[in-house]
Amino acid sequence: MNELLIIAGPCAVESKDQIIRIAKKLKKLGINYLRGGAFKPRTNPDSFQGLGDEGIEYLLKAKRETGIKIVTELMTIEQVKKFANVIDIIQIGSRNMYNYELLKELSKYDKPVILKRAFSATYNEWINASKYINNCKVILCERGIRNFDNSTRNTLDIQSIPYIKNNTNNKIIIDPSHASGLSYMIKPMSLASIVAGADGLIIEVHDKKDEALCDKEQAITIEELEEILNDIRRIKEVI
Ligand code: PEP
Ligand code: MN
């Protein structure tokens, strides 16, 4: 269990109170990495775009108050220059997997980077993109791919786990939240990913999910996360 990278937190940083409150609850569960978007790449320009610099400030405050490490998405070279040194793990979102200039900029910093797979990227494109980040600390993240069926947000490509493990030296984590888009699928997809050999999970969690400003359909509660963690512990005893 300890060797798994488990990252949890809301889709977006919504307020100082929200992120500190959630950080405290996650820390109590033994979670060491908090996610929360300050810069949100929303498909719809009318949707909540994130708190920007203020969101980063609140994440840092949550870190100071709880000791939890912070994981957040950066979308531009300017944001990387400004914040790379204060974030524990930099997330590069699906929409930026092909943004090679941004990837090259990341190679200048000695920071772990989560590189999310673009919606329709082949394994090869994804692996090649990781090579632009000239460090060995790239953690690949499968977050669901597009296929012909749009009943779910995306489809979790579970095969990516053994493929990445067999063909690269990178770690791979799974984001079941953006893969399925549905909270009832988070537990089965998380457990399946661990059985398939994933090195970790990044899960959207909100303690007041009905009030979440973004992606509330896929958020799980703190209690639901606790159940998943308990099941993972049991699975880890037998695999
Ligand atoms: C996210 O994790 O906040 C996110 C926007 O994910 P993706 O880049 O996979 O869409
Ligand atoms: Mn989200």
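For this structure, a couple of remarks:
- Only one entry in P41, P45 is in a loop (DSSP other than H, G, I, E, B) and more than 13 Å from ligand 1 (Cβ to nearest atom), namely P45.
- Screening L34, L51 for residues that are out of contact with any Ser or Thr (no Cβ under 6 Å at 6 or more places or on another chain), under 20 Å from L213 (Cβ atoms) and open to solvent by 30 Å² or more (accessible area, probe 1.4 Å) leaves exactly one candidate, L51.
- Candidates K104, K69, K61 - the one that is farther than 24 Å from I173 by Cα, open to solvent by 10 Å² or more (accessible area, probe 1.4 Å) and away from ligand 1 (no atom under 14 Å from the Cβ): K61
- Filtered residues of region 186-213 (kept if within 16 Å of ligand 2 (Cβ to nearest atom), buried (at least 20 other Cβ atoms within 10 Å of the Cβ) and not in a helix (DSSP H, G or I)): L201, I202, I203, E204, V205, H206, A212
- In region 1-31, the qualifying residues are those that are loosely packed, with under 15 Cβ neighbours inside 10 Å and small (G, A, S), and the one that is nearest to ligand 2 (Cβ to nearest atom) is S15.
The values are calculated or read from the model by the stated rules, or taken from the named source; none is laboratory data. Since we're looking at a predicted model, the values are computed, not measured. Don't worry about glycine lacking a Cβ; one is built from the backbone with ideal geometry, like all the others, and counts go over all protein chains shown. These area figures cover heavy atoms from the full protein model, side chains too; ligands, DNA and RNA do not enter into them. Shrake-Rupley method; radii C 1.70, N 1.55, O 1.52, S 1.80 Å.
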